[in-house]
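Some notes on the structure that comes next.
The values are calculated or read from the model by the stated rules, or taken from the named source; none is laboratory data. This structure is a prediction, so every number in the text was calculated from the model and none was measured. Cβ: placed from backbone, ideal geometry, glycine included. Neighbour counts: every protein chain shown.
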Amino acid sequence: MSIKWGSKPWRLWGSHWKNRHQMFGLRLPLALIFSIILGCGIGYLATNQFAEWRDWQAFDPQIKLDKLIPFLPWMIIPYATLYLYYPMAAILGMRDETTQRENIIFHQTILLLTWVIFVIFLILPVEVTLRSEISGAELGIWQGLYDLLHTVDTPWNAWPSLHIVQSLLALLVVSRWYNSESKKWHIRILWFSWFMLLLSVVTIKQHFVWDVFSGIVIAMIAWRTWILPSLNSSQSEDIIASFEAL
């Protein structure tokens, strides 16, 4: 039985849907990107700062492997590529009217799933104590980036890793839209880039191995039982009628 939350278009998209061809076809993607920045960004910062203020963790997920993984300062570059996945999904979902409907449904479910994860951050917080390994390390040209990262993002909101959950789901939906192409080299490049992002979250000591594992598990469960069924149902007469009524 699939989850139905967000399977029908929200009315707030009405004007953007009707005028989606304006601004060189970027009006709808920009609205979707803004919804992620606003709907996910503010919630993340709020729960992150709250966890820092409360200074209590539910459990310690650290295992021996976390200590064995080396700290690689330059991996902050693939770590930062997360912020390319949001516009990638929103823009590439404008291929045709079918993907445009799926684009909206996908972003609705991503928002809802992220809010569910915020609840996990609040109920079962975990502090990323691995950051202590960076203290005193010679970061060279990467010093400024780490200073910025650690100022904005306190060492909380560990699991599941939103870096993993959101990027993996964005990659899955783009693969769905473009995997039928005769040349799939671009999809392979995206999967390689995502693998580098996966490695980055542990090699810059932003997450435990547990955070990555739980992020992948939650993303795949959400994809199979919620997001994919919602995308498939967006081609039904009922959902198409809902879009026409916006």
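Tell me the residue from Ile91, Ile69 that is closer than 25 Å to Leu199 by Cβ, of a type outside the set (Phe, Trp, Tyr) and in contact with a helix residue (DSSP H, G or I) (Cβ under 9 Å, 6 or more places away or on another chain), please.
On the way: Ile91 fails: closer than 25 Å to Leu199 by Cβ.
Just one listed residue meets the conditions, Ile69.
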Which of the helices (runs of 4 or more DSSP H) found entirely inside segment 114-231 contain at least 2 residues meeting this: over 24 Å from Met75 (Cα atoms)? 162-178, 209-222
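If only one of Ile204, Ile164 is within 18 Å of Val128 (Cβ to Cβ), in contact with a Gly (Cβ under 6 Å, 6 or more places away or on another chain) and surrounded by 14 or more Cβ atoms within 10 Å (Cβ to Cβ), which one is it? If you could, list the steps in order and put the result at the bottom.
Working: Ile204 fails: in contact with a Gly (Cβ under 6 Å, 6 or more places away or on another chain).
So the residue among Ile204, Ile164 that is within 18 Å of Val128 (Cβ to Cβ), in contact with a Gly (Cβ under 6 Å, 6 or more places away or on another chain) and surrounded by 14 or more Cβ atoms within 10 Å (Cβ to Cβ) is Ile164.
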Residue list for segment 232-246, restricted to those being surrounded by 12 or more Cβ atoms within 10 Å (Cβ to Cβ), among the aliphatic types (A, V, I, L, M) and assigned to a helix (DSSP H, G or I): Ile239, Ile240
Out of (1) of a type outside the set (Gly, Ala, Ser); (2) more than 22 Å from the chain's Cα centre (by Cα); (3) over 23 Å from Leu246 (Cα atoms), the odd one out for Leu84 is which? (2)
Test Asp66 against the criterion of being at pLDDT 95 or above, buried (at least 16 other Cβ atoms within 10 Å of the Cβ), charged (D, E, K, R) and under 27 Å from His207 (Cβ atoms), and give yes or no. yes
Selection over segment 126-161 where residues are among the aromatic types (Phe, Trp, Tyr) and within 19 Å of the chain's Cα centre (by Cα) yields a count of 2
